[in-house]
Amino acid sequence: MDNILEIKDLVVRYETEDGLVKAVNSVNLALKQGASVGLVGETGAGKTTLAKSVMRLIQWPPGRIISGEILFEGKDLVSLTQEQMYNIRGKEISMIFQDPMTALNPVMTVGKQIAEVIGVHEAHLDEEGTKKKMEEMLQMVGIDPQRAEEYPHQFSGGMKQRVVIAIALACNPKLLIADEPTTALDVTIQAQVLELIRNLRDKLGTSLLLITHDLGVVAQNCEYVAIMYAGEIVEYGELRDVFHRGAHPYTKGLFDSIPKLTEKVDRLRPIEGMMPDPANLPEGCKFHPRCQYATPECGQVQPPEVDLGGGHIVRCMRYSGGKPIQSGE
Ligand code: SF4
């Protein structure tokens, strides 16, 4: 299966008054056609910057893609002009943001907002055709097309996010990036919205990059997982490999810090310490100040990416030639 998206050695920086923020550091990530990847990490790990880089929405000043490639169907998005990106955003790649209210125009009816996107990218449709497509999209996300004339404030949070999804999928994009799409919603509504995205993906064959801090959301919605820490992908692989054979100490820490239904534990084990300030990252492995396995070498040398087999990649000194080189699990 071909990769629809391939990010190679991507570096993104923000120049701020507090110093140079190293938001994304030599990230490699591939997404197969029609597949879904969950990008997991704490707040400030660089997940949203990575997603915005793919959309070419990093604004200068203060942010800039310094180096690397973002290949979408083999075409490097980094080298495109904003005008060329205009034809890709919304039509080929769409993004759903965390808060539906910031994505919707409060003074325009929802029908008009969906029709506007269809009008931009499907210029061959006449007014009647655009209206028909808009109504189909509303129906597809479970909203009565009769509500097309209503404004965003007349919808609940979950319904607003459905409208955002309708806008994002209106032109049948090949890749959907969903950045914490349910975090602002109630738990029961979260499940509905995720199920909706799942069903629509099955129907339309859309590839998905799902950004979340919730491993449960990834387990239910993704085939692949990328774990991000301090601007780097520290582990990547198929869901079952990362969930059952998580190799990076940070990945293990994430799993230890969530409750398990099958095990009785008196206390959860949070990962000690804080993620480093991206304006002041440690040398070597960025996780070494928090890692129980850290050696002096970890604080000096950047760990290479090691393939543990079947595309299960880990960035840690403990692995060499695909095997652990130290004991002490
Ligand atoms: Fe820990 Fe060293 Fe691996 Fe970093 S490279 S995660 S410090 S063992």
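Assorted remarks:
- Sole residue being at pLDDT 95 or above and either over 25 Å from residue 167 (Cα atoms) or not acidic (Asp, Glu) (or both), chosen from 102, 81, 43: 81
- Some residue of region 251-271 being away from the ligand (no atom under 16 Å from the Cβ), within 25 Å of residue 310 (Cα to Cα) and open to solvent by less than 30 Å² (accessible area, probe 1.4 Å): no
For every residue, the table says whether it meets (1) polar (S, T, N, Q); (2) over 18 Å from residue 176 (Cα atoms).
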| residue | (1), (2) |
| --- | --- |
| 15 | no, yes |
| 59 | yes, yes |
| 70 | no, no |
| 83 | no, yes |
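- Within region 299-314, residues that are open to solvent by less than 40 Å² (accessible area, probe 1.4 Å) and more than 10 Å from the ligand (Cβ to nearest atom) sit with their Cβ atoms under 7 Å from residues that are at pLDDT 95 or above and not in a strand (DSSP E or B), at 6+ positions apart or across chains, in these pairs: 312/241.
- Test result for residue 283, out of contact with any Pro (no Cβ under 8 Å at 6 or more places or on another chain), modelled with pLDDT of 95 or more and assigned to a loop (DSSP other than H, G, I, E, B): yes
- Residue count, region 138-157 (criterion: open to solvent by less than 10 Å² (accessible area, probe 1.4 Å) and either assigned to a helix (DSSP H, G or I) or of a type outside the set (A, V, I, L, M, F, W, C) (or both)): 3
- Residue ID - farthest from residue 13 (Cα to Cα), chosen from residues in region 274-298 that are exposed (fewer than 12 other Cβ atoms within 10 Å of the Cβ) and within 12 Å of the ligand (Cβ to nearest atom): 292
- Looking only at region 17-62, and only at residues there that are open to solvent by 10 Å² or more (accessible area, probe 1.4 Å) and part of a helix (DSSP H, G or I), the one that is farthest from residue 278 (Cα to Cα): 52
- Residues located in region 73-124, provided they are in a loop (DSSP other than H, G, I, E, B), among the polar types (S, T, N, Q) and either open to solvent by 40 Å² or more (accessible area, probe 1.4 Å) or in contact with a Pro (Cβ under 8 Å, 6 or more places away or on another chain) (or both): 81, 87, 98, 105
- Failed item in (1) open to solvent by 70 Å² or more (accessible area, probe 1.4 Å); (2) more than 10 Å from the ligand (Cβ to nearest atom); (3) at pLDDT 95 or above, with residue 323 passing the rest: (3)
- The lone exception for residue 171 - which of (1) touching a His at 6+ places or on another chain (Cβ under 6 Å); (2) crowded, with 24+ Cβ neighbours inside 10 Å; (3) within 23 Å of residue 116 (Cα to Cα) it fails: (2)
The values are calculated or read from the model by the stated rules, or taken from the named source; none is laboratory data. Small disclaimer: the values here were computed from a predicted structure and weren't measured. Note: ideal-geometry Cβ built from the backbone for every residue, glycine included; neighbour counts use all protein chains shown. Surface accessibility is based on the protein's heavy atoms, side chains included, excluding ligands, DNA and RNA. Shrake-Rupley method; radii C 1.70, N 1.55, O 1.52, S 1.80 Å.
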